[in-house]
Amino acid sequence: MATLWNSSSNLVGKFTQSVRRIVQDVKDEGTATGATKEEVIEINERLRAVRVRMDESYDTAKKALVGLMGKYNGSKSVHNVFQRYNMLKAMIKEKQETVPAFVMRACTILEKTQKSGESVKTTAKLAEEAQDKRERIERLENMTTSQIDAENTQMTNDLYRLLKKYSGLRNLIRQLKTEYTNAKIYPMVVRYSMLKDMIKDIMLHPDYMEVCHEVDA
């Protein structure tokens, strides 16, 4: 389990660094005066693709923690200490196991070329994606370079804010895993209180409170 977690934790960092690098590259390259329309359109497509993949990982992390809080609140109706203790252990372990899955998926999607996945896509799906891209490019072609530049700036800022929120949730999940592991040396009575405190600490953490009331589209 420790090896799996260390590997997944490294992948989390790798994924986050990849997104940060893309955002920073766009900021550094910008759409400097004199950039062609083709160049700003390429940046727009690059940002859009990263946003789609970032949204998936962010939503997975958010749902994992929101779901944890829902189960914790539901467990309050269980008055048998031993039964609730087992429930708390199970719900925390479940969130730990979520991390490697979504990080692996996110890294694969983000860091491999799209060609690697095209072999498993149906002809209809590829045609749909091609049509969507044509419509996006057509929309951008009907805009001025400065309009696309402004949209790119907004997309960059939005992506950076999303990355910060995602990083906060990622760190909470990692912290939960560490505290859960460290608590294993304590007897049940002490550990029971520690498990409750772990979850309550997340509920009150600013990084969680910032996103827990977001309404999913």
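Considering only Cα-Cα distances, which of the following residue pairs are longer than 24 Å: Lys89/Lys200; Lys125/Lys164; Lys37/Lys165; Lys93/Lys196?
From Lys89/Lys200; Lys125/Lys164; Lys37/Lys165; Lys93/Lys196, over 24 Å: Lys125/Lys164; Lys37/Lys165.
Could you list Glu141, Glu151, Glu56 in order of exposure, starting from the residue whose Cβ has the fewest other Cβ atoms within 10 Å?
The most exposed by this proxy come first: Glu141, Glu56, Glu151.
Assuming 0.36 nm per residue, please report the length gained on full extension of the stretch Val189 to Ser77 beyond their Cα-Cα distance.
Residue separation times 0.36 nm, minus the Cα-Cα distance, leaves 38.4 nm.
Within 10 Å of each residue's Cβ, count the other Cβ atoms and sort Val52, Val78 from fewest upward. Let's see the in-between values first.
Working: Val52 11, Val78 14.
Final ranking by Cβ density, sparse to dense: Val52, Val78.
Would you work out which of Asn182, Tyr192, Tyr166 lies farthest towards the positive end of the dipole of segment 157-217? Charges go on Cβ: Lys and Arg +1, Asp and Glu -1.
Among Asn182, Tyr192, Tyr166, the one farthest towards the positive end of the dipole of segment 157-217 is Asn182.
Since every read-out is calculated from the coordinates, none of them should be taken as a lab result. Keep in mind that this is a model prediction, so the values were computed, not measured. No Cβ is skipped: glycine too gets one built from the backbone with ideal geometry, and neighbour counts run over all protein chains shown.
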